[in-house]
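Below you'll find the structure, written out as structure tokens, and then a few comments.
Values quoted throughout were computed directly from the atomic coordinates according to the rules given, and no laboratory measurement underlies them. Since this is a predicted model, take the numbers as computed values, not measurements. Cβ placement follows ideal geometry from the backbone for every residue including glycine, while neighbour counts extend to all protein chains displayed.
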Amino acid sequence: MTRFSGSNGPQRFPQADRLKAVTTNGMNYFAHGVRFLDRPWFLAGTAVPDWLSVADRRVRMREKRVAPLAESSAGAVGELAAGVLAHLDDDRWFHQTPGFYETTGMLTRLFREALPEEGHRPGFLGHIAMEVLLDAVLIERDPPALGRYYAALDEIDPAVVEQTVNHMSPLQATNLAAFIEAFRRSRFLFDYCQPQGVLYRLNQVLGRVKLRPLPETFVSALRDALEIVRLAQPTLLPAEFFTTDNTDEHG
């Protein structure tokens, strides 16, 4: 049986309702951003689509609106837009990797056996758990990087992020700046370093879509799932798309 790595960061399970996790379209926050810890505004851009999915769900980032700003703007605005493009690109290739289908399938089967009762959706759970556990794997391989992730986000101005997003969308974000402040305060990615934290975050997702919460005993299945994701990480994040030394790839 594998163990989740420890953490010196905050262990805050009760979060504000508006910080509830939501289903993502691809990789999760840390996987999107870990390659860009030395570029705070680019890093923030990689989080923008997922921030919007919680804070202003009607607002969507589209490449045709983001690319012109990334190409024509310098400084913080250009970096932010380029980070959004990197997120969109990540989600495209991530869902096409063999590892994505194989790993979500393995987790679905594992969870179906662990949750024989009605009221759970193992396929849905396999998808979202894989994304969270992939972040957990990346964090355990370089624990100090998570502190650097938040330190970098502390350097950006949430109001500028919201203003820039509103230049890239016909619908206007009104809650984004406040949500970024709450995201930075919560440090909830530290919860991924322990199984109870992952369980709590998954139950937030299930509560949002009105599915039954997972029991405490599901922690055992999460430990097994972590080992599956750990072994699959090279196929989930193939080197031709994902390396830790390509911070200029989208710059």
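If I take every Cα pair under 8 Å that is 6 or more residues apart in segment 47-107, average their sequence separation and divide by the length, what percent do I get for the relative contact order?
26 percent
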#### Entry: Unit charges on C-beta of K, R, D, E only; dipole of the chain, Debye
820 debye
#### Entry: Computed [θ] at 222 nm, helices only, for the chain once each DSSP H run of length n ≥ 4 contributes -39500 (n - 2.57)
-19500 deg cm²/dmol
### Task
Determine the principal axes of the Cα atoms in the chain, then give the extent along each, sorted from largest to smallest and rounded to whole angstroms.
53, 37, 34
#### Entry: Rel. contact order, % - alpha carbon contacts under 8 angstrom, at least six apart, segment 23-236
28 percent
### Query
So for the pair SER220, SER73, with labels modelled 7 Å out along Cα→Cβ, what separation do we get in nm?
5.2 nm
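Rounded to a whole number, what is D in µm²/s for segment 137-251 from Stokes-Einstein with the Kirkwood radius over alpha-carbon pairs (4 °C, 1.567 mPa s)?
So the translational diffusion coefficient is about 75 µm²/s.
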### Task
Any chance you could run the full-extension gain for LYS210 through LYS64? It's 0.36 nm times the residue separation minus the Cα-Cα distance, nm to one decimal.
49.1 nm
### Restricting segment 186-242 to trypsin sites (Lys or Arg not before Pro) in coil, as DSSP defines it, with at most 15 other Cβ within 10 Å
LYS210
